[in-house]
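Peer 1: For reference, the structure I am asking about is given below.
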Amino acid sequence: MTYKDLTHLNQVRIGVFGGGRGISMVEFCTKYSEARLVAICDKSDEVLDNVKKFIEEANAAGKIRTEVNYYRDFDEFIKEDMDAVILANYATEHAPYAIRCLEAGMHVLSDIAPVKNLAEAVKLVEAVEKSDRIYAFGENCCFFPGVMEIRRNYRAGKYGRFLYGECEYIHDCSHIWPQITYGDRNHWRNRMYATFYCTHSIGPMIHITGEKPKFVTGYELLPSPRLTDLGYLKGTAGIEMITCQSGAVIKSLHGDLHHYCLYYSLYGTEGCVETDRKGDTYNVLNEWKDEKLSCSNALHSDSEALKMLAMHGGADYYNMHFFVQRILGNKLDGEELIDVYEALDMFLPGLLAYRSVFEGGRPVEIPDLRKREERDRYRNDTFCVDSDENNPMRVPSYSKGDPDIPDEVYERVRKAYLDGEAKKNAVK
């Protein structure tokens, strides 16, 4: 669909809510001729100052002049004259803002995660269905060149019917914990549960195969002292064992173990493929058919995506590129925009895996919220880790009870963050 209110512009006016994670989307808008950044909103003056400096430098060096309004209050930000909003705020707070933007007539690209519980999932689906605006989910791991190549090959029948897949997102963030949590006890990264941040692993497997998850069994690893010493309340990593509607099985592992790894493997009836485990080579593909091995690298260093937006190996570029072009009504070959239903197929296995942990490892059914008749069962289901003590289905970040972490830990992490910011400013 081409949106009539944009046909005379050939440019999408974009606001970014969340200037920390959102800096990648800001950078895109300073380089992409069909996107115009008009507003930034963040509650932190420090973050807004960093974004201002980035835009000033981009204006001085780039070809696209960006005039931006800055806000600390979302209620004022949403009054801005813009066509689309990028939600890059806290990962547990996306759904309410997505709904408000859709109701205000704006397109939405939501960063991870789409919702925090099933009640929000029902509300979000119904808001999207009611709106004529685009909702897209920004699971950027789906847009690594290697993952996109596997998807093209699978959809062309190269590996046959999907039987089994494994996926991993291992990211030890302990060395950057002050920079990403600011010493805030209630920061979502400190409070999230082991199976919460699951879409970097599960997402590409769902996006490649188009499978619908049906049941999940969850596992929670023990907390690690090196992480609780930073204010980290949850188990070190989470595991989901997912049975799909077709009968295929997916094993997902993700968390803050030692090492860094993004890894995907797919076993089909006609062959198998896996990404390499060495370094950042999730774009290197190893394929087997009839016991013969072939290797290839889907990443090209001269690609437009990598040149424009190097963060996350160019994957952030495709999120924004597909989103902007869809709004402008330009259907692209190989377009892979992720809609609200697929977003929930990627996230609900992690949410319900944590319920499985509380139920002793019992397989838990994953609803398909495409079906209106299934939604009423979950309309009031607020099971999640929540800072709202009035939530009757609130559970701790670790299933055996939150670790007792003294305030001194968060004060130390906060000091480390502020010292790091002072050093950066001194260098500038």
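The values are calculated or read from the model by the stated rules, or taken from the named source; none is laboratory data. Just so we're clear, the structure is a prediction, and the values are computed from it rather than from any experiment. Methodologically, a virtual Cβ is constructed for each residue, glycine included, from the backbone with ideal geometry; neighbour enumeration extends over all protein chains shown. Side chains are part of the model used for accessible areas, which takes the heavy atoms of the whole protein and leaves out ligands, DNA and RNA. Shrake-Rupley method; radii C 1.70, N 1.55, O 1.52, S 1.80 Å.
Peer 1: Which whole number of Å³ per residue matches the convex hull of the alpha-carbon atoms in the chain?
Peer 2: 150
Peer 1: Then there is this: Per-residue accessible area for ASP407 at 1.4 Å probe radius, Å² rounded to 10?
Peer 2: 90
Peer 1: Using a cut-off of under 14 Å, list every residue of the range 247-268 whose amide N is near the label point 7 Å from the Cα of LEU221 along the Cα-to-beta-carbon line.
Peer 2: Within reach of a label on LEU221, which here means backbone N under 14 Å from a point 7 Å along Cα→Cβ, the range 247-268 contributes 252-263.
Peer 1: Taking 0.36 nm per intervening residue step and subtracting the Cα-Cα distance, what contour gain separates SER33 from TYR70 on full extension?
Peer 2: Gain on extension, SER33 to TYR70, equals 11.2 nm.
Peer 1: Whenever you get a sec, line up HIS259, HIS321 from highest to lowest accessible area (probe 1.4 Å, protein heavy atoms).
Peer 2: Correct descending sequence by accessible area is HIS259, HIS321.
Peer 1: Which peptide among 12-22, 389-399 comes first, and what is the full order, when sorted by highest mean count of other Cβ atoms within 10 Å?
Peer 2: Packing order, densest peptide first, comes out as 12-22, 389-399.
Peer 1: Quick check for you: with a 1.4 Å probe and neighbouring chains kept, what is the accessible area per residue of the range 18-102, in Å²?
Peer 2: Accessible surface, normalised per residue, equals 43 Å².
Peer 1: So, with a 1.4 angstrom probe, what is the percent of accessible area on the chain that is carbon and sulfur?
Peer 2: 50
Peer 1: Also, I was wondering about something else. Along the charge dipole of the chain, Cβ charges K/R +1 and D/E -1, which of PRO392, LEU102, GLY19 sits furthest on the positive end?
Peer 2: Going by the charge dipole, the pick is LEU102.
Peer 1: Probe radius 1.4 Å, ligands and nucleic acids left out: which of TRP288, TRP188 has the largest accessible area, and how do the rest follow?
Peer 2: TRP288, TRP188
Peer 1: Sticking with this one: Need one number for the range 200-260: average projected area of the convex hull over its C-alpha atoms, nm².
Peer 2: Its Cα hull, projected and averaged over all orientations, spans 4.7 nm².
Peer 1: With only Lys, Arg, Asp and Glu charged, each at its Cβ (+1 for the first two, -1 for the last two), find how big the charge dipole of the chain is about the Cα centre; round to the nearest 20 debye.
Peer 2: Roughly 400 debye, rounded to the nearest 20.
Peer 1: With unit charges on the beta carbon (Lys/Arg positive, Asp/Glu negative), name the residue among SER131, PRO145, VAL85 whose Cα is farthest towards the positive pole of the charge dipole of the range 65-166.
Peer 2: In the range 65-166, that residue is PRO145.
Peer 1: Among TYR341, TYR264, GLY218, whose Cα sits farthest toward the positive end of the charge dipole of the chain (+1 at Cβ of Lys/Arg, -1 at Cβ of Asp/Glu, about the Cα centre)?
Peer 2: TYR264
Peer 1: So for the chain, averaging the separation of alpha carbon pairs under 8 Å that are six or more residues apart and normalising by length, what relative contact order in percent results?
Peer 2: Result for the chain is 19 percent.
Peer 1: Test of understanding: what is the full-extension gain from ASP419 to SER387, defined as 0.36 nm times their sequence separation minus their Cα-Cα distance?
Peer 2: Once the chain is fully extended between ASP419 and SER387, it gains 8.7 nm.
Peer 1: Something else now. Could you give the accessible area per residue of the range 198-268, probe 1.4 Å, as a whole number in Å²?
Peer 2: 30
Peer 1: What accessible surface, in Å², does a 1.4 Å probe find on LYS43, ignoring ligands, DNA and RNA and rounding to the nearest 10?
Peer 2: We get 130 Å² for LYS43.
Peer 1: Then there is this: Which of the peptides 260-269, 351-360 is most tightly packed, and how do the rest follow, going by the mean number of other Cβ atoms within 10 Å of each residue?
Peer 2: In decreasing order of mean packing, 260-269, 351-360 become 351-360, 260-269.
Peer 1: Take the alpha carbon atoms of the range 141-276, find their radius of gyration, then divide it by 2.2 N^0.38 Å using N residues; give the quotient.
Peer 2: Taking the Cα Rg and dividing by 2.2 N^0.38 Å, one obtains 1.15.
Peer 1: Quick one: how many Å² of ASP402 are accessible to a 1.4 Å probe, rounded to 10?
Peer 2: 70
Peer 1: In the P(r) worked out for the range 53-207, what percent of Cα pairs fall beyond 27 Å?
Peer 2: Everything past 27 Å amounts to 42 percent.
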